[in-house]
Amino acid sequence: MAPESLLDTYGTERHPVGERVLRNTRAQVALMRPGPQVAALREVLKETLEIPAAKRHFIAMGNGADIDYAPDAAHPLVGRFAPLPLVSEDGRPILVACSEEVRDVVNGRVRTVEADSGPSFLMRPDGYVAWAASDEDPAGLTEALRLVAGSDWASV
């Protein structure tokens, strides 16, 4: 089970996301208004969505895949939604790792998934990445485990 201290990060992380959802909802409502100015704006937006990168941006924004809780993290996966469809049914973190060296850090105390390739990462119970490493260096993994599993993460 995730520690109560993990809940302390909820307001800091989710408040900006909520503000963004509200802004996007207001923009969508504004686009539904009648009138020549809004019709022109809809046409410009329609043209913009024909650009593949713009289309990907709007799709990611609409489904929340672009949320980044740690934009300044050392690894680009940290703070982002896990790149694999994993579900933490018991509220525990999940470690995905290619190397035995990384899996040995947790010593079987959290659920692990062996991967064939890609970076190793620790997924929080909510599906976001708390730690990641492309070079299979487990530095920082223990600290991330303490954050997502509590100070005594060995009891998970």
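The values are calculated or read from the model by the stated rules, or taken from the named source; none is laboratory data. From a predicted model like this one, the values you see are computed outputs, not experimental measurements. Cβ: placed from backbone, ideal geometry, glycine included. Neighbour counts: every protein chain shown.
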Inset, instruction - Please enumerate the residues belonging to region 24-57 that are hydroxyl-bearing (Ser, Thr, Tyr) and either in contact with an Asp or Glu (Cβ under 9 Å, 6 or more places away or on another chain) or closer than 22 Å to Asp68 by Cβ (or both). - result: Thr25
Legend entry - Gly91 being assigned to a loop (DSSP other than H, G, I, E, B), at pLDDT 90 or above and out of contact with any His (no Cβ under 7 Å at 6 or more places or on another chain): no
Legend entry - Candidate set: region 23-51, residues that are of a type outside the set (Asp, Glu), within 27 Å of the chain's Cα centre (by Cα) and in a loop (DSSP other than H, G, I, E, B); chosen: the one surrounded by the most Cβ atoms within 10 Å (Cβ to Cβ): Leu49
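Here's the yes/no breakdown for (1) farther than 26 Å from Ala133 by Cα; (2) of a type outside the set (Phe, Trp, Tyr); (3) touching a Ser or Thr at 6+ places or on another chain (Cβ under 9 Å):
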site: Thr9; (1), (2), (3): no, yes, no
site: Gly18; (1), (2), (3): yes, yes, no
site: Asn24; (1), (2), (3): yes, yes, no
site: Arg33; (1), (2), (3): yes, yes, no
site: Glu50; (1), (2), (3): yes, yes, no
site: Gly64; (1), (2), (3): no, yes, no
site: Gly79; (1), (2), (3): no, yes, no
site: Leu84; (1), (2), (3): no, yes, no
site: Leu95; (1), (2), (3): no, yes, yes
